[in-house]
Amino acid sequence: MKTLRDIENLQGVRVFLRAAFDVPIKNGVVVDDFRIRAALPTIEYLRSRGAKVLMVSHVEVIQGERASLEPVAVALGKLGVPVKFVKDYKKAFGMMENEIKDGECILLENLRAWEGEKGNDKKFARELASLADIYVNDAFSVCHREHASIVGVPQFIPGYAGLQIEQEVANLSKAFDPAHPFLFILGGAKFETKLPLVNRFLGIADTIFIGGALANDFFKAKGYEIGRSLLSKGDFDLAPLLNDPKILIPVDVATESGENKKADALAKADKIMDIGAESVKIIKGKIESAKFILWNGPMGLYEDGYRGPTLDIAKMIGDATQRRATTIVGGGDTIAAIATLKLEDGFTFISTAGGAMLDFLAEGTLPGLEALK
């Protein structure tokens, strides 16, 4: 995989920079610029060497409406990167040739405004590629998507990995040959996306603690009453994992009624919202002895306000970093917890990705990375 550092001369070169600017936006304002700040080293590398930078990204639909990236242009300006915002990519053709000077930037509107993006339409990808001389991917968080701006464009112009992708691959790859004891903490939901990860790391990790809604699937497989608790979609055969000594699940849970109950003592009316106090103590002991910690996903329904144990674990892992354990974390709600505690500098590495992080750990590569080979 070629990287930015392999390019000898960038002066006057038109660069198609696929960034990860899918950030939370409320009332037209970026409320968390973590991913934008993560892209700054690559942007500054290109600008300082005289490249003409065409930045592209997507942003998710908000309340049923397609969101605009215009607030991201404002946020970039506040971070010292002035950009010209362009709503129609077809207008960028002339701008890249005649208006944009060396070291200047354009930001295109949300790529998902065009159907060709998610469908990886070849004609659309070719049109995007014609805007630039080279392609740079710095959007690790969407490298698991086979979209036009991820795998299509580098079919037509030379492709390179950005500085953030370099960091992501280098740090996440440490999990394949870690120091021991190695503790893997996995939370959140959607067991269908995480079961391959559990199976792979059973042969690598010393302990896998499974929390969040994922634990509910284990409770059900054990025959426990789970009441109205969230379950993953699909039918999973967890029998081979139930008695594996490497896998730990919560021994107690916090319910919607505010009670702390043993995991095997729930009533049909109960709903599990978080892990319990005793489970937090168990994790604490594992964190204190670990030399390598990998964490993805909250322990409770974070977006519904159940954040206590997740925040506690973030603090504990931050303390482990101070003790020189290698700590690698990722996932949207995980990053949100870290930001709440202002601990962004308290870990060995914070991934910008959620699903892409999990897929990379499970497969060792991603479609977006393969497209750069």
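Could you work out the relative contact order of the stretch 36-151, using alpha carbon pairs under 8 angstrom and six or more residues apart, expressed as a whole percent?
Numbers: 141 pairs, mean separation 32.9, N = 116.
Dividing the mean separation by the residue count of the stretch 36-151 yields 28 percent.
Report the Stokes-Einstein translational diffusion coefficient (µm² s⁻¹, integer) for the stretch 41-174, Rh taken as the Kirkwood radius over Cα pairs, at 10 °C with viscosity 1.306 mPa s.
Numbers: Rh = 15.5 Å.
Using the Kirkwood radius from Cα pairs, D works out to 103 µm²/s.
For Ser173 and Thr340 in one chain, what is 0.36 nm times their gap in residues minus the Cα-Cα distance, to one decimal in nm? Walk me through the intermediate numbers first.
Details: separation 167, 0.36 × 167 = 60.12 nm, distance 2.71 nm.
Extra length available between Ser173 and Thr340 comes to 57.4 nm.
If each Cα of the stretch 132-252 is one equal point scatterer, what is log10 of I(q)/I(0) from the Debye formula at q = 0.22 Å⁻¹?
One equal scatterer on each Cα of the stretch 132-252 leads to -1.20.
For the stretch 309-334 and the stretch 1-75, what is the centre-to-centre distance using only Cα atoms, to the nearest Å?
Each part's Cα centre sits 27 Å from the other's.
For Asn27 and His180, what is the calculated FRET efficiency with R₀ set at 51 Å and r taken between the beta-carbons, to the nearest 0.05?
Numbers: r = 47 Å, r/R0 = 0.93.
That pair, Asn27 with His180, gives E of 0.60.
In the stretch 344-373, whose amide N lies under 18 Å from the spot 7 Å out along Cα-to-Cβ of Glu192? List them in ranges.
355-356, 358-359
Taking 23 Å as the cut-off for C-alpha to C-alpha distance, list the pairs among Lys78/Lys373; Lys52/Lys91; Lys268/Lys315; Lys262/Lys286 that go past it.
Values: Lys78/Lys373 35 Å; Lys52/Lys91 15 Å; Lys268/Lys315 34 Å; Lys262/Lys286 20 Å.
Table pairs above 23 Å Cα-Cα are Lys78/Lys373; Lys268/Lys315.
Suppose every K and R has +1 on its Cβ and every D and E has -1 on its Cβ; what is the size of the dipole of the stretch 254-373 about the Cα centre, in Debye to the nearest 20? Display every interim value, and only then the final one.
Working: 14 positive and 17 negative charges, 92 e Å.
With Lys and Arg at +1 and Asp and Glu at -1, about 440 debye.
Can you give the angle from 0 to 90° between the axis of helix 34-48 and the longest principal axis of the chain, with both taken from C-alpha atoms, to the nearest 10?
Helix 34-48 and the main axis of the chain meet at about 30 degrees.
Cut-off under 14 Å on the C-alpha distance; same-chain residues fewer than 8 positions from Lys2 excluded. Which aspartates and glutamates are left, in chain and number order?
Hits, sequence-local ones excluded: Asp138, Glu166, Glu370.
Each residue of the stretch 138-149 in order: what ³J(HN,Hα) in whole Hz does its phi give by Karplus 6.51 cos²θ - 1.76 cosθ + 1.60, θ = phi - 60°, with x for Gly and Pro?
3J(HN,Hα) across the stretch 138-149, in whole Hz: 10, 9, 4, 5, 10, 5, 8, 9, 8, 9, 4, 6.
Which angle from 0 to 90°, rounded to the nearest 10, does the C-alpha axis of helix 277-289 make with the longest principal axis of the chain?
Value to nearest ten degrees: 60.
Subtract the Cα-Cα distance of Ala267 and Leu231 from 0.36 nm times their separation in residues, and report this length gain in nm to one decimal.
11.4 nm
Run the reach check for Lys90 against aspartates and glutamates, Cα to Cα strictly under 15 Å, same-chain hits fewer than 8 apart removed. What comes back?
Within reach: Glu99, Glu109, Glu115, Glu117, Glu127.
In Å and from the alpha-carbon atoms only, list the Rg and Dmax of the stretch 310-353.
When restricted to Cα atoms, the stretch 310-353 yields Rg and Dmax of 9.2, 25 Å.
Can you give the calculated 222 nm mean residue ellipticity of the chain, where each DSSP H run of n ≥ 4 adds -39,500 (n - 2.57) and the sum is split over every residue, rounded to the nearest 500 deg cm²/dmol?
Per the formula, -9000 deg cm²/dmol.
Using the charge dipole of the chain (Lys, Arg: +1 at Cβ; Asp, Glu: -1 at Cβ; taken about the Cα centre), state which of Asn171, Leu230, Gly308 has its Cα farthest towards the positive end.
Value: Asn171.
Keeping every protein chain in place, order Lys87, Lys342, Lys246, Lys52 by accessible area at 1.4 Å, biggest value first, i.e. largest first.
If we order Lys87, Lys342, Lys246, Lys52 from most to least accessible, we get Lys342, Lys87, Lys246, Lys52.
Applying the Karplus parametrisation 6.51 cos²θ - 1.76 cosθ + 1.60 with θ = phi - 60° to the phi angles of the stretch 266-272, what ³J(HN,Hα) value in whole Hz is obtained for each residue in order, glycine and proline being reported as x?
Running phi through 6.51 cos²θ - 1.76 cosθ + 1.60 with θ = phi - 60° gives 8, 9, 5, 7, 6, 9, 6 Hz.
Given an 8 Å cut-off on Cα distances and at least 6 residues of separation, report the relative contact order of the chain as a percent. The partial results should precede the final answer.
Working: 769 pairs, mean separation 60.1, N = 373.
In percent, rounded to a whole number, it is 16.
Using the alpha-carbon atoms, what tilt in degrees (0 to 90, nearest 10) does helix 191-201 show relative to the longest principal axis of the chain?
80
Once a ≥ b ≥ c are taken as the square roots of the eigenvalues of the Cα gyration tensor of the stretch 1-102, is the result rounded (a/c under 1.5), prolate (a/b larger than b/c) or oblate (a/b not larger than b/c)? Walk me through the intermediate numbers first.
Numbers: a/c = 2.04, a/b = 1.54, b/c = 1.33.
Prolate.
Whole-Hz ³J(HN,Hα) for each residue in the stretch 334-347, computed from phi via Karplus 6.51 cos²θ - 1.76 cosθ + 1.60 with θ = phi - 60°, x for glycine and proline: what do you get?
Once θ is set to phi - 60°, the couplings for the stretch 334-347 become 5, 5, 4, 5, 5, 5, 4, 8, 6, 10, 4, 9, x, 9 Hz.
How much FRET efficiency would the formula 1/(1 + (r/R0)^6) give for Asp102 and Arg324, where r is the Cβ-Cβ distance and R0 is 51 Å, rounded to 0.05?
0.70
Largest first and in whole Å, give the semi-axes of the chain's equivalent ellipsoid, each being the square root of 5 times a Cα gyration tensor eigenvalue.
40, 21, 19
Ranked from the most accessible area to the least, with a 1.4 Å probe and all protein chains present, what is the order of Thr348, Thr3?
Sorted by accessible area, descending: Thr348, Thr3.
With springs connecting C-alpha atoms under 10 Å apart, model the chain as a Gaussian network and identify which of Asp138, Asp235, Asp32 has the largest mean-square fluctuation.
Highest fluctuation of the listed residues: Asp235.
The values are calculated or read from the model by the stated rules, or taken from the named source; none is laboratory data. A quick note: this is a predicted structure, and the numbers were derived from the prediction, not measured. Note that we place each Cβ from the backbone using ideal geometry, even for glycine, and neighbour counts take in every protein chain shown. Heavy atoms of the whole protein, side chains included, go into the accessibility calculation; ligands, DNA and RNA do not. Shrake-Rupley method; radii C 1.70, N 1.55, O 1.52, S 1.80 Å.
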